[in-house]
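Just so it is clear, none of the values below were taken in a lab; they were calculated from the coordinates. This is a predicted model, so every value here is computed, not measured. Ideal geometry is used to build each Cβ from the backbone, glycine not excepted, and the neighbour counts take in all protein chains shown.
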Amino acid sequence: MRPRPLLAAALLLAACARGPGGTARDAMVVATTGDADVLLPPVTSVTTGINVSDLLFCRLAEPTASLNTVDDSGFRPVLARSWEHPDSLTIVFHLDPRARWQDGAPVTAADVAYTFGVYRSPDVNAPLAPFLGAIASVTARDSLTVAFRFSRWYPEQLYDATYQMRILPRHLLDTIPDAKLATAPFGRAPVGDGPYRFVRWVAGAEIDLAADTAWFLGRPGIARLIWRVTPELASAVSQVLAGEADAMEVIPARGQLERVQGAKGVRLVPYPSPFYAAIVFNLRRPPFTDRELRRALAMAVDRRTVVQSVFGPFADVAVGATSPMQWIWSDSVRQLPFDTAAAARALDARGWRRGGPGGMRARGGVPLRFTLLVPTSSSVRQQAAVVIQDELRRAGVAVDIQPLEFTVMERRTETGDFDAAFVSRTIDPSPASLLQWWSPGAAANIGHFADPAFQSLTAEALRAPSRAAAAPLWREALGRLNDDAAAVFVFSPRNNAAFAARIQGVTIRPDSWLATVTSWRIGGARAGAPERGAARP
Amino acid sequence: MLRFAVRRLAFAVASVVAVVVITFLLVHAAPGEPMLGTPERTVASPETIARQRALFGLDRPLPEQFLRYAGNLARGELGMSFVLHRPVAAVLRDALPNTLLLGGTALVASLLLGLAAGALQAARHRTRTDALLGAATLVLYSIPVFWLGLLLLLVFGEGLHWLPVSGMTTPGLGDDLSRLGRALDVARHLVLPAASLALVQAAAFARFQRSALLETLGAEYVRAARARGLGERAVLLRHALRGALGSTITLAGLSVPYFLAGSVLVESIFGWPGLGRVAYDAIFARDYNVITAVALVSGVLVAAGNLLADVALAVADPRIRLGQ
């Protein structure tokens, strides 16, 4: 009988094919569209790198679910067992003596002081370094006591001292020059002090973590976490639907969300997103120097229709330069109404009258026309731009949509070479992040918005001693920004994480979806396919 | 033969050098900026960006950057990845074997399928089988690779659960499997991405092979073989097929760029950690050193593919004398 190699190969494959969901039963597999860059908190800047290193390295304290950044009640102890404010410029942290690095060494105050030096080092070039600008020094008083000295008083001192830094092991890193930290082998096989320990990283494919069963704050409920890298969003969703993965941080596209919604054994868990998207006008370029014209354009856009047509139920109309994740979000923020009649009157009053080509508006022979930059990386913004283009066309305003690759668009906006740009902003829990995008002189204030009243309100809000006192001030500032129509704040997506039914006890803190993973657990079998061998502990 | 090999080698080296120079100039001339971040990355402050640029020498004039790059390359140094904080050589060392496995499997599979289908069509010329296979190959040849990949993924992965939809191994099982088990696990994961790449190219091979065989079947030496009383099967396999292989071998050599380009899409769809994915990510992040290194490796692979095709052609067809 002749050999049939193809048939033999097929049989062999079939013999070992027991279904696609054959991962270790004690592991939660996370489908992600991007690999990590490096697992070193001061350096990593991509989502997966941040998510993984967040579970390897602890903060001194963590925000609670309220994400109240203003006072101490919004934080729970982690590495720091307690803290005190001996004066308005100092916070003293008392470290938990049970905290250990995964090589057995204790976590000490010297680690905290060393970490601060690393984050502030120009040679490390940490992206979060600017947020530590108000901290003058960090000093170890004894092995378990560390003092943070601030250059000025402000209510978010504790937030800045704890949220921006994850503590590093000095004894493993202090022999490496700061300039070499990012490329040191430690960043690809780190030793942390968090609830999970590093197991392996297969570049471009997989990152494995195992629960640190001796973690000082209690053994995590899930024994292993595995990140599976699949760049194509539809394929990543397919992994979850096929039972090959248990979770996805967020499914950003409506079509993919609808696939998951109808699937058995998988559920969506909604949570507020830290994003908003806005059309930012270049206030240094005519006709956007005219405030009334900007307001008219903003009133001519029906943002509710835009959101409904692009996202359906999966996004909110943005109330301003914030997202539902921040405690300042409120429907009561003053916004310009959708009012085409008022928009038409305002444009007529400014001399922009219909009568140009195609019935479009023009003034002195100059058509009312502008170019809107949209990144090709965002299909939702491209779709939303088309809807907005149509709405403005009906108002007599011509919009040319120019899709650009992300870095090209960033370059254009950074250099001021644009009329209007459809940008998205990722904000952190503190409303102070608003200033990064909208304060005069800030590099990310691409439209060059400047309003003394807005500045004065935000300055006052930053000094307000409590959330109750600060919130109305922040909301009034958001209202001022909306009044000025420096941008049209279009949408804030509702994040939806996908989970296999067997992942139980899921709660999500919006700024960091895995922040509470230690309390999650694995229940029944993975949907879609049989299980295979259990993993090693 | 030796003179031919040296001449081809010199030409290949010159081509690769040209590819590197052109790629270096193009990526630096392209709009965008490596330190501005990607949608996935945190956007850094202008001061941070400026320091990063200085760190990697991107603040220097372009000729100086090129000379420095060329000098490093001459010493075998490919530089550092701006984004991954790793030596580019390490990035390639991880990714290249995976792409070679995927591309090599797809090339062999497409050749086997294409030759078989083409031979069958030629043997059954103007029959229903010929017509059906002709239609099938035409349809396959017209399908974009990424579309076929997604279709296979949805049907055989997500729908039927026969094969894994993503990755190169089953998550978390690597250390628990024997060597054979790991190989079989990789083979299972290889099926869908390799099939996506192979089926389209197999259709091209089949159409070429059919035409070449039909032409060869009318040649004098084939008629002579028949006249000697050889059976139709022996005529086809021993005489006509060898004579018709030339065009397919040439096409196989020229198809290396197809497999490299296809791998960019297929590796993204199936989460295959190869060179295509590295290139894709590097382009969007403007990771200049990685982009140029991928172009260098791709250039070498294409040149090697063409060289191998020439040699294979000479082996398959004794009428060809290399160097003449």
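Might you report the magnitude of the Cβ-based charge dipole of the stretch A:29-177 about its Cα centre, with Lys and Arg at +1 and Asp and Glu at -1, to the nearest 20 debye?
Dipole magnitude for the stretch A:29-177 comes out near 200 debye.
Would you mind pulling out the separation of the Cα centroids of the stretch B:114-152 and the stretch A:242-319, in Å?
Here the answer is 44 Å between Cα centres.
So what's the back-of-envelope 222 nm ellipticity for chain B, counting only DSSP H runs of four-plus at -39500 (n - 2.57) apiece and dividing by all residues, rounded to 500?
Here the helix-only value at 222 nm equals -23500 deg cm²/dmol.
Once you sort the root eigenvalues of the Cα gyration tensor of the stretch A:49-183 as a ≥ b ≥ c, which label holds: rounded (a/c under 1.5), prolate (a/b larger than b/c) or oblate (the other case)?
Rounded, because the longest to shortest axis ratio a/c is under 1.5.
Net charge near B:Leu150, counting Lys/Arg +1 and Asp/Glu -1 over other residues with Cβ under 15 Å of its Cβ?
Neighbour charge sum, excluding B:Leu150 itself: -2.
Mean separation of Cα pairs under 8 Å and 6+ residues apart, divided by the residue count of the stretch B:105-284: what relative contact order is that in percent?
33 percent.
Running Debye on the stretch B:105-284 with equal point scatterers at the Cα sites and no solvent, what base-10 log of I(q)/I(0) appears at q = 0.20 Å⁻¹?
Here the Debye-derived log intensity ratios amount to -1.24.
Please report, in debye to the nearest 20, how large the charge dipole of the stretch A:134-237 is about its Cα centre when each Lys and Arg carries +1 at its beta carbon and each Asp and Glu carries -1 there.
120 debye
At what distance in nm do the modelled label points of B:Ala116 and B:Arg228 sit from each other, each positioned 7 Å from its Cα along Cα→Cβ?
Using points 7 Å along Cα→Cβ, the separation is 2.9 nm.
Per DSSP H run of at least 4 residues, take -39500 (n - 2.57); add these up for chain A, divide by its residues and hand me the 222 nm value, nearest 500 deg cm²/dmol.
It lands at -8000 deg cm²/dmol.
Please state, to two decimals, what the Cα-based radius of gyration of chain B comes to when divided by 2.2 N^0.38 Å (N = residues).
1.19
Would you tally the net charge around A:Glu476, using a Cβ to Cβ cut-off of less than 11 Å, leaving A:Glu476 out, and scoring K and R as +1, D and E as -1?
Taking every Cβ under 11 Å from that of A:Glu476, the sum is +1.
Mind putting a number on the dipole of the protein assembly as shown about its Cα centre? Charges go on the C-beta only, +1 for Lys and Arg and -1 for Asp and Glu, and I need it in Debye to the nearest 20.
2840 debye
With an 8 Å cut-off on Cα pairs and a minimum separation of 6 or more residues, tell me the relative contact order of chain B in percent.
Relative contact order here is 29 percent.
Just check chain A against the gyration tensor rule for me: Cα atoms, a ≥ b ≥ c as the square roots of the eigenvalues, rounded for a/c under 1.5, and otherwise prolate or oblate depending on whether a/b exceeds b/c.
oblate
Under the definition of Cα pairs under 8 Å and six or more residues apart, what whole-number percent is the relative contact order of chain A?
So the answer I get is 21 percent.
How far is it, in nm, from the label point at B:Leu100 to the one at A:Ala341 when both lie 7 Å from their Cα along the line to the Cβ?
7.4 nm
Any idea what angle helix B:275-285 forms with the longest principal axis of chain B, computed on alpha-carbon atoms, 0 to 90 degrees, nearest 10?
40 degrees
Test of understanding: ordering A:Tyr196, B:Tyr280, A:Tyr163 by Cβ neighbours within 10 Å, fewest first, what list do you get?
With the fewest neighbours first, A:Tyr196, B:Tyr280, A:Tyr163 line up as B:Tyr280, A:Tyr163, A:Tyr196.
Taking +1 at the Cβ of each Lys and Arg and -1 at the Cβ of each Asp and Glu, which of B:Ala212, B:Gly271, B:Leu140 sits farthest along the dipole of the stretch B:105-284 towards its positive end, judged by Cα position relative to the Cα centre?
The residue sitting farthest along the positive end of the dipole is B:Ala212.
In degrees from 0 to 90, rounded to the nearest 10, what is the angle of the helix A:379-394 Cα long axis to the longest principal axis of chain A?
For A:379-394 against chain A, the angle is about 10 degrees.
Set Lys and Arg Cβ to +1 and Asp and Glu Cβ to -1, take the dipole of the protein assembly as shown about its Cα centre, and tell me which of B:Ala303, A:Trp329, A:Ser456 lies farthest positive.
Towards the positive end, the residue furthest out is B:Ala303.
Cβ under 13 Å from B:Ala225's Cβ, B:Ala225 left aside: what net charge do those residues give with Lys, Arg +1 and Asp, Glu -1?
Around B:Ala225, the surrounding residues sum to +4.
Give me the angle, in degrees from 0 to 90, between the Cα long axis of helix A:5-16 and the longest principal axis of the Cα atoms of chain A, rounded to the nearest 10.
80 degrees
Can you find, among B:Leu153, A:Ser377, B:Leu78, the residue farthest towards the positive end of the dipole of the protein assembly as shown? Put +1 on the C-beta of Lys and Arg, -1 on that of Asp and Glu.
B:Leu153
If you average the alpha carbon positions of the stretch A:460-495 and of the stretch A:62-97, how far apart do those two centres end up, in angstrom?
26 Å
Let me test this: with uniform point scatterers at the alpha carbons of the stretch A:280-383, what is the Debye-based log₁₀ I(q)/I(0) at q = 0.15 1/Å?
-0.80
Classify the stretch A:99-148 as rounded, prolate or oblate from the Cα gyration tensor: take a ≥ b ≥ c as the square roots of its eigenvalues, call it rounded if a/c is under 1.5, otherwise prolate when a/b beats b/c and oblate if not.
oblate
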